[in-house]
Every structure is written in C-alpha cells, then in structure tokens.
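Shown next, in structure tokens, is the structure this report addresses.
Any read-out appearing in this document is the output of simple, stated calculations on the displayed coordinates, not a laboratory observation. All figures in this text were calculated on a predicted structure; none of them were measured in a lab. For neighbour counting, all protein chains shown are included, and Cβ atoms are generated from backbone atoms with ideal geometry for every residue, glycine included.
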Amino acid sequence: MKAVLTAAENRRVAQAMLDYGMLADGDRVLIAVSGGIDSLVLAWLLHDWRRKAPISYEVQAVHIDMQPENGQPSGRAAATAAQLASLGIACEILPAEQPVVLEEGADPAGLCHRCARNRRRQLFERARQGGCGKLAFGHHRDDIVETFFINLTSGGNISTMRPKQELFSGRLALIRPLAYLEKEEIRAIGRRLGLKPVPATCPLAEQTRRKDIRDLLQHIYGQIPGSREQIFAALGNVRSEYLLVQHQRITNNAHQP
C-alpha cells in the first residue's frame, strides 16, 4: 500500500509531536472534527499513527452539530460522520448545547467568537466526561501564523495558538499534531485519502477577520520570498528585551519620613 504521508510530511508531524510532547503512553485523546479537511485528516492521522507509535493510546472523534434538525443530526454532521466511517473511524455527534442564532446587523467577529467559545466549552466537558486528558485540534502552521496577525492587528497583543497548551492545572492539554504542516500539504493528504471537506453552512463563513488576514498574508508571501517560513520561525524566537514592556510602578504604602 502506498504511503499516505510523504517522507517530509511524516517527519514534520513526528517532529511536532516530539518537540511538544503531545502524546504519552496510556493517553485518551478526544479529536474535535468540524468536517473541514484539516480535522478530517487529523482524525485519520491520530487513528493511523497508533500502528507505528511506540506507545499505546486511545482516540475518540467527536463532532459538535451546530445546526441539529428537529433532534436529528444535520446534513453536515451526517456527512462528516460518513467521511470518517469510510476510513473505519467512528464519530460521536453531539448537538450544540448553545446554538448561535444569526441576528440581522450583528457583528460577525462577535458571533464567531461566541460560537467558537460555546463549542470549545462543550468539547472541554465531553473530554472531562470521557476521561480524556488530551483534546486534539486540526490547526496547522498557517492557522498559527494567521492567529498571530489577528491578535496583533485586532487584539492589541502578541500571541498565537501553541502546538500544545495545558489547561485546568494540567488536567487537559490541547494538542495540534498538524502544527508543522501547511494547509496545502493537508489538502494533498486529504486527496490521497479520498476525503472531501464538508462545506460549512454558516452564512458568515467567508466574512471573517481570519479571511482578511489570510488574504493579506498571501500578498506578503508573494512579495517577499521565504517570508512564510521566517514568520513561523519568528514565533519561536521571541526577543522580549526588544519589546515595549513597561516598568510596573511600585506603590509604597509605608509611612514616609
């Protein structure tokens, strides 16, 4: 059987897992599957990786159905589960506890943030109920760079998604095994697997700030050769002594002479 991952892709996935200690023996991993090609490939990767990993771990794929239909899974949820079933992967479908209602004139950025926050809260709870210490997301290198620029231009801070991030005093860790791969590489892997992304049904899917940043970055990459790699490298090479960090004022409440 022909390998799905190229040697370079396999090496970068393994390096990301090693660099950030993403998996350990005995782990139970909950995989968040949205239906996009990134999360579909992630589910396959973590499911398949167990064949060659020197450790033993369990995986469970879950899809949060943001638009359940009369108590039944939406078409998007059913299509997502069917794609995974074609790879021999079971997927649990959970109806969203707090579906976000699109109101006329509402700020798209605010709605997207609320929707993502509600979905993530439900995933945290599902991980807790299932005894999963790891929650895996399909974010890749381009997502990490885009998030940095979104926070830089809209949040007034220098931060991004980390390939591994511990929460709740270490009881849960978010992991992103695709962190060293580019979007185009993940699409290529999906094609080799015969996967097709399930189209998003949200009317705001193409009206987000992330899309604006993505378009801006494509322009930068086109104008400055090598900038894509340099920007990502910079996120792990922070020179804090050259940032505008203000000295904190020390308040002395003692009586003055």
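Aspartates and glutamates near Lys164 by alpha-carbon distance under 15 Å, same-chain residues fewer than 8 away left out - which ones?
Filter leaves Asp19, Asp27, Asp143.
Counting other C-beta atoms within 10 Å, which of Phe137, Phe168, Phe149 has the fewest, and how do the rest follow?
The most exposed by this proxy come first: Phe168, Phe149, Phe137.
Once you have the Cα-Cα distance between Gln67 and Glu184, take 0.36 nm times their residue separation minus that, and quote the gain in nm to one decimal.
Here the segment from Gln67 to Glu184 would lengthen by 39.3 nm.
DSSP beta bridges in the stretch 7-242, what fraction antiparallel, as a percent rounded to 5?
Taking every DSSP beta bridge with both residues in the stretch 7-242, the antiparallel ones total about 25 percent.
For the chain, what is the calculated [θ] at 222 nm in deg cm²/dmol (nearest 500), taking -39500 (n - 2.57) for each run of four or more DSSP H residues and dividing by its residue count? It would help to have the intermediate numbers written out before the result.
Values: 8 runs with 104 residues, N = 257.
Theoretical 222 nm ellipticity from helices: -13000 deg cm²/dmol.
Regarding the stretch 157-243, what's the average projected area of the Cα-atom convex hull, expressed in nm²? Let's see the in-between values first.
Working: hull surface 36.5 nm².
The number I arrive at for the stretch 157-243 is 9.1 nm².
Here are labelled values, (1) 13.4; (2) 19.7; (3) 15.6, and one is the computed mean projected area of the Cα convex hull in nm² for what I pasted. Which one?
Of the labelled values, this structure produces (2).
Just the number: Rg to Rh for the stretch 10-64, Cα atoms, Kirkwood Rh, two decimals.
0.95
Taking R0 as 51 Å, what's the FRET efficiency between Lys52 and Gln246 from their Cβ-Cβ distance, rounded to 0.05?
Rounded to the nearest 0.05, the efficiency is 0.55.
Tell me, what is the FRET efficiency for Arg210 and Val238 to the nearest 0.05, using R0 = 25 angstrom and their Cβ-Cβ distance as r?
Efficiency, from the Cβ-Cβ distance: 0.65.
Which of Ile231, Ile31, Ile175 moves the most in a Gaussian network model of the chain with Cα springs under 10 Å?
Ile231
If I take every Cα pair under 8 Å that is 6 or more residues apart in the stretch 7-242, average their sequence separation and divide by the length, what percent do I get for the relative contact order?
24 percent.
Order by neighbour count: Leu181, Leu167, Leu195, fewest other Cβ atoms within 10 Å first, most last.
Leu167, Leu195, Leu181
With a 10 Å Cβ neighbour count serving as the proxy for reagent exposure, in which order, fewest first, do Trp49, Trp44 appear?
Neighbour counts put them in this order, fewest first: Trp49, Trp44.
List the residues whose amide H sits under 5 Å from the amide H of Lys134, counting only those 5 or more places along or on another chain, with H placed 1.01 Å from N in the peptide plane.
Arg28, Leu30, Ala173
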